[in-house]
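Chemist: Below: one structure in structure tokens.
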Amino acid sequence: MIARIARIRRHPIKSIGGEDIARTRLDAARRLPGDRLWALLTEGGERHAGAGARPERWLPKSCFLRGAAAAGLQAVQGGWGEGAPGGPIRLRHPDLPDLAFDPETEGPRLVDWVRPLWPADKPAPTRLVQGPTGWTDVSQPWISILSLSSLADLESRLGQPLGVERWRANLWLDGWAPYAERELIGHILTIGGLELRVTETIGRCAATSADTATGQIDLDMPEALAAQFGHSDFGIYAEVVTGGEIVLGNEVRA
């Protein structure tokens, strides 16, 4: 099976924003650089984070602001812009003024900015934190990979456009048959000399139910996936075995 890298996306802040980049380096047993580097803790998450400036261990998604609890967060876009992670992050949302801030020193500005998007009946956001590892939904240092042909088929089945942003994937591949990725668990994907080992499928939560253009719920995605396939999986995780640089258009062999 041969595909090509159609999009590379990173999400500097967990559940808040995201951007396309043209190239990046992947290192063995590491996440995509700059992906979920930061996250916004809630009052409920503080008791697990400890008193230090940075949590010393990976924390589950329940400790942070997340799209499953506030659909409006799904409409936030932006990041560092093309280039290496670091420096000011620029965010935009259809219902808020644009924000540019330095995550190292101006985390409270982000807390204030997202407050209107977060439900008042849920534990309030407290502070922006960077941890020892990326704040992905799984503790393992995996890369998320989705297929454009699978997305096109799902859009056809559901009768509406879904787009790539709601899935918050790292890599979008073009060229596989729809859902062929489900058969690749345990297989090695090669991109030149780079190797990725496919680990498992990705179970989807309610965050994917929101239209990323508006931040409004437009369907029950986990239920829609279950109705079509008998499960709520969409996409795959993979671990970097042998590192290297990836660029848009690279050939991916399975």
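Every read-out reported here was derived from the displayed coordinates using simple, explicitly stated rules and does not represent laboratory data. Treat the numbers as computed from the prediction; the structure is a model and nothing was measured. Cβ: placed from backbone, ideal geometry, glycine included. Neighbour counts: every protein chain shown.
Chemist: Could you grab the relative contact order for the stretch 147-254? Cα pairs under 8 Å, six or more apart, rounded to a whole percent.
Modeler: 29 percent
Chemist: Charges at C-beta only: +1 for Lys and Arg, -1 for Asp and Glu. How large is the resulting dipole of the stretch 38-130 about its Cα centre, in Debye rounded to 20?
Modeler: Taking the Cα centre of the stretch 38-130 as origin, the dipole is about 280 debye.
Chemist: For the pair ASP102 and ALA227, what calculated FRET efficiency results from E = 1/(1 + (r/R0)^6), where r is the Cβ-Cβ distance and R0 = 35 Å, to the nearest 0.05?
Modeler: So, using R0 = 35 Å, E works out to roughly 0.20.
Chemist: Over the stretch 38-130, what per residue volume does the convex hull of the Cα atoms give, in whole Å³? Numbers along the way, then the final one.
Modeler: Details: hull volume 9.5 nm³, N = 93.
For the stretch 38-130, the hull spanned by Cα atoms encloses 102 Å³ per residue.
Chemist: While we're looking at this one, here's another question. For the residues HIS231, HIS93, what sequence is obtained by ranking on other C-beta atoms within 10 Å, fewest first?
Modeler: On the way: HIS231 13, HIS93 22.
Ordered from fewest to most neighbouring Cβ atoms within 10 Å, HIS231, HIS93 come out as HIS231, HIS93.
Chemist: Same structure, new question: Ranking PHE101, PHE64, PHE229 by Cβ neighbours within 10 Å, fewest first, what do you get?
Modeler: Going from least to most buried by this count: PHE229, PHE101, PHE64.
Chemist: Over the Cα atoms of the stretch 141-235, what is the Rg over Rh ratio if Rh follows Kirkwood? Could the numbers behind the result be given before it?
Modeler: Numbers: Rg = 13.6 Å, Rh = 14.1 Å.
Ratio of gyration radius to Kirkwood radius for the stretch 141-235: 0.97.
Chemist: Can you grab the distance from the C-alpha centre of the stretch 199-220 to the C-alpha centre of the stretch 132-167, Å, no decimals?
Modeler: 9 Å
Chemist: So how tilted is helix 148-158 from the main axis of the chain? Cα-based, degrees 0 to 90, rounded to 10.
Modeler: 80 degrees
Chemist: Highest mean first, how do 243-254, 26-37 rank when packing is the count of other Cβ atoms within 10 Å averaged over residues? List each step's numbers first, then the result.
Modeler: On the way: 243-254: 15.4, 26-37: 19.6.
Result, highest mean first: 26-37, 243-254.
Chemist: Rounded to a whole number of µm²/s, how large is the Stokes-Einstein D of the chain at 25 °C and 0.890 mPa s, given Rh as the Kirkwood radius over C-alpha pairs? Display every interim value, and only then the final one.
Modeler: Details: Rh = 18.6 Å.
D = 132 µm²/s.
Chemist: In addition: Over all distinct Cα pairs, what is the inverse of the mean 1/r for the stretch 67-205, reported as the Kirkwood hydrodynamic radius in Å? Before the final figure, lay out each step's value.
Modeler: Working: mean 1/r = 0.0559 Å⁻¹.
Roughly 17.9 Å, rounded to one decimal.
Chemist: Could you put ILE145, ILE188, ILE5, ILE13 in order, starting from the residue whose Cβ has the fewest other Cβ atoms within 10 Å?
Modeler: Starting with the residue having the fewest Cβ neighbours, the order is ILE188, ILE5, ILE145, ILE13.
Chemist: If you take the beta carbon distance between GLU245 and ALA124 as r and set R0 to 41 Å, what does 1/(1 + (r/R0)^6) give as a FRET efficiency, to the nearest 0.05?
Modeler: Numbers: r = 41 Å, r/R0 = 1.00.
About 0.50, to the nearest 0.05.
Chemist: GLU82: net charge of surrounding residues, Cβ under 13 Å, Lys/Arg +1, Asp/Glu -1, itself excluded?
Modeler: So the surrounding residues net to +2.
Chemist: How much length would be gained if the chain were fully extended between ALA29 and GLU183, taking 0.36 nm per residue of separation minus their Cα-Cα distance, in nm to one decimal?
Modeler: Full extension of this stretch gives 53.2 nm more.
Chemist: Below 8 Å between Cα atoms, with a sequence gap of 6+, how large is the relative contact order for the chain in percent?
Modeler: 29 percent
Chemist: If you take the beta carbon distance between GLN160 and GLU56 as r and set R0 to 35 Å, what does 1/(1 + (r/R0)^6) give as a FRET efficiency, to the nearest 0.05?
Modeler: 0.20
Chemist: OK, next. What's the magnitude of the charge dipole for the chain around its Cα centre, counting Lys and Arg as +1 and Asp and Glu as -1 at the beta-carbon? Answer in Debye, nearest 20.
Modeler: 440 debye
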